[in-house]
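Chemist: Structure in structure tokens, see below.
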Amino acid sequence: MRVLFVLGSGGHTARGLILSNQIRAEKSFIVPWESEVTKKKVQRNYFSVLSPRFRAKDNVLMTVLRTLILFLHSLLILLVVRPKAVISTGSGLTIPPFLIAKFLRIKTIYIESPSRVYRPSIAGKLLIGKVDLWLSSWPELAERYKGVEYRGMVF
């Protein structure tokens, strides 16, 4: 089985790698091109992509352009990797690959950061009801949002 993990930087990478080590599968990763630390930790089987994140020096047009590039890049990655599932631990990179995966009928699993007890992240909010499985480490979050599941501490 092939699984594609969408990692971000910092805690998103750490949690994604912990999870990936617990899953027996052929693994590939989507990582932000600007995060050398993430690339170093993953070491192999990764695709570097532009992060759509809005930066202070950017205008809205640049953010939209980066997001469109990420949609196209995500489509190409998913067609090459052909995973059975795409898993994310909450990175902002998640939305385009997940939406493309859903279009291609690939299973999607979103795992919110454990730091989100009462409210989901922006990416999490946008993906509620649009993924196959949306997990929270906190029952409080699952009680407040339909489509969010609590099955115990995820990490």
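The values are calculated or read from the model by the stated rules, or taken from the named source; none is laboratory data. The model shown is predicted, which means the values in this text are computed figures rather than measured ones. Please note: Cβ atoms are built from the backbone with ideal geometry, for glycine as well, and neighbour counts cover all protein chains shown.
Chemist: Take the conditions in contact with a helix residue (DSSP H, G or I) (Cβ under 7 Å, 6 or more places away or on another chain) and surrounded by fewer than 20 Cβ atoms within 10 Å (Cβ to Cβ) and apply them to Thr67. Does it pass?
Modeler: Working: in contact with a helix residue (DSSP H, G or I) (Cβ under 7 Å, 6 or more places away or on another chain): yes; surrounded by fewer than 20 Cβ atoms within 10 Å (Cβ to Cβ): yes.
Against the criterion (in contact with a helix residue (DSSP H, G or I) (Cβ under 7 Å, 6 or more places away or on another chain) and surrounded by fewer than 20 Cβ atoms within 10 Å (Cβ to Cβ)), Thr67 qualifies.
Chemist: How do the pairs read when you match residues in region 124-145 that are touching a residue at least 12 places away in the same chain (Cβ under 8 Å) and crowded, with 19+ Cβ neighbours inside 10 Å with residues anywhere that are of a type in the set (Phe, Trp, Tyr) and assigned to a helix (DSSP H, G or I), using Cβ under 9 Å and keeping only pairs 6 or more apart or on different chains?
Modeler: Leu127/Phe98; Val131/Phe98
Chemist: In region 6-28, which residue that is among the hydrophobic types (A, V, I, L, M, F, W, C) and surrounded by 24 or more Cβ atoms within 10 Å (Cβ to Cβ) is farthest from the chain's Cα centre (by Cα)?
Modeler: Ranking the qualifying residues of region 6-28, first place goes to Leu7.
Listed here are the residues, each with its yes/no results for (1) of a type in the set (Ser, Thr, Tyr); (2) more than 14 Å from the chain's Cα centre (by Cα); (3) closer than 18 Å to Ser20 by Cβ.
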residue	(1), (2), (3)
Lys57	no, yes, no
Phe71	no, no, no
Lys84	no, yes, yes
Ser91	yes, no, yes
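Chemist: So which residues in region 104-130 are at pLDDT 95 or above and at negative phi, if there are any at all? Steps first, please.
Modeler: Within region 104-130, the first condition is being at pLDDT 95 or above, and the residues that meet it are 104-109.
The answer is Leu104, Ile106, Lys107, Thr108, Ile109.
Chemist: Any idea how many residues of region 96-151 are small (Gly, Ala, Ser), over 21 Å from Pro52 (Cβ atoms) and in contact with an Asp or Glu (Cβ under 9 Å, 6 or more places away or on another chain)?
Modeler: Residues flagged as small (Gly, Ala, Ser), over 21 Å from Pro52 (Cβ atoms) and in contact with an Asp or Glu (Cβ under 9 Å, 6 or more places away or on another chain) within region 96-151 amount to 3.
Chemist: Another question about this same structure. Just give me the residues in region 92-123 being out of contact with any strand residue (DSSP E or B) (no Cβ under 6 Å at 6 or more places or on another chain), surrounded by 20 or more Cβ atoms within 10 Å (Cβ to Cβ) and either hydroxyl-bearing (Ser, Thr, Tyr) or without any contact (Cβ under 8 Å) to a residue 24 or more places away in the chain (or both), in sequence order.
Modeler: Correct list: Ser113 only.
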